[in-house]
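One structure is given below, encoded as structure tokens.
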Amino acid sequence: MKQNLALFALCCLLLAACNPVSIPVALSTPVLTSPPTLIAIPTQRDSKCISPLTTFVYPNGETTLLPSPQEPVLPPADWAMISKVKYNHPASLSLEVIQSHNGYDELWILSNNNQGVFRYRTDTQEWRITPSTTPNAPFAFGSFLFLDNSRSVWAARRWPKTLSITGDFSLLVYYNEASDQFEPVTDKDGLLQDSDSLAIEALEVSQNGIFWMIIKELDSINFKEIYYLYSFDPIALKAERHLTGPQFSSNIVISPNGDIFMLDLSRGKLIEFHPSSGETKEYGIPDPELSNQFSATIFLDSKSRLWVNDIGWFDFSSADLSPQWFTVIRSPVFIDVIEGAGVWSWGYPVFTYESSDALLWFWSSRGTGWLDTQYGEWCLFTTYRSPVLEDSSGRLWMLADDTLYMKNR
């Protein structure tokens, strides 16, 4: 028996020698690791998403701790390069609307220095230009284009004349196909009559064709702004003022049943306005950051979630219950550096479109991307900022480096 035990002990010793066990030992000095390296920036042929500038911390206030300059990143390979704008334009361009015609679509692109409106036909691949400044109805720097329910093109003046270039600029102008010019439109009571101090901050068209607008009035004497909610019937030329506030959001959302939603940024409230009764409801947003974000925007998706940037959403899916607020775990992909100021900031996405695959498309200070709401995945795929719009064939379009890109769905 003793012989067997000795033999067994010898075998255990030999086995241990052949398979040594690592025992952790406390180190007297810390192990230093090299600083993290930046992930390679995607190229146009790479479908990967652009990485955040930081995922842990960033300094507040002015600082010299800045990341390496972001190299421009074009859209990935699934976005086909279609056509470059064919005119000289020493200014930035913005894809505004896609107008559907019989058998083709037309993309309208606005320059920021009144050179005109660039238009691209999808069937003939031809470019043309429509003057944005005419003797009858010029519109100013900062205007934006929109479509009415008949798919006609309009322009709205976003800045007061006192902050724009000189000249007579209408609040609303309508594109006349016959004359190939924009023409002024005002209401019969003169509520929207052109004024140096008025500007249209936001505009949406309801299903019954009414224009709902947030109009901003600049009080240059007291150095303050007053905001109004207006409606305008372009057929009857009837305008009406509904609400007044110190600071409304820069966009409007209209629900399928015709209710109007906007933000009161001065109080951190979501306002729901019922046009049929004139009544309003208010919903508090449990995020103190909102009152400090003059650029906060809202977006209503197909699941009746009303988003407030990427802060969170109100669930309006049940008509019988008060909407519940959901806070979003924000993505660091929106952390950015303000150019020329040396200051870090946490930006926000502006949602522009929801595709049938449940992706929400957005642009931000860092570029353009999408959000997969099913998995909570954010993807910034290009550093160029552009709305993503859909044509009548279901194709997606965007503008990058003064070039149109198209994605088949």
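The values are calculated or read from the model by the stated rules, or taken from the named source; none is laboratory data. Predicted model only: the values in this text are computed from it and were never measured. When we count neighbours, we look across all protein chains shown, and the Cβ atoms used for this are built from the backbone with ideal geometry, even at glycine.
Tabulated values for the structure
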item	result
Residue, farthest from Val308 (Cα to Cα), within region 359-407, restricted to residues that are assigned to a strand (DSSP E or B) and in contact with a helix residue (DSSP H, G or I) (Cβ under 7 Å, 6 or more places away or on another chain)	Leu380
Filtered residues of region 166-212 (kept if of a type in the set (Gly, Ala, Ser), modelled with pLDDT of 85 or more and more than 27 Å from the chain's Cα centre (by Cα))	Ala178, Ser179, Gly190
Selection status of Pro323, farther than 30 Å from Gln125 by Cα and crowded, with 22+ Cβ neighbours inside 10 Å	no
Residue match in region 60-81 (condition: hydrophobic (A, V, I, L, M, F, W, C), in a loop (DSSP other than H, G, I, E, B), more than 19 Å from Trp370 (Cβ to Cβ) and at pLDDT below 85)	no
Sole residue being of a type in the set (Gly, Ala, Ser) and at pLDDT below 90, chosen from Ser392, Ser365, Ser356	Ser356
Residue satisfying all of: in region 97-141; crowded, with 19+ Cβ neighbours inside 10 Å and in a loop (DSSP other than H, G, I, E, B); modelled with the highest pLDDT among these	Thr122
Residue in region 293-305 that is assigned to a strand (DSSP E or B), out of contact with any Pro (no Cβ under 8 Å at 6 or more places or on another chain) and either closer than 30 Å to Pro67 by Cα or of a type in the set (S, T, N, Q) (or both) present	no
Checklist (1) in contact with an Asp or Glu (Cβ under 8 Å, 6 or more places away or on another chain); (2) of a type in the set (A, V, I, L, M); (3) at pLDDT 95 or above applied to Leu380, failing item	(1)
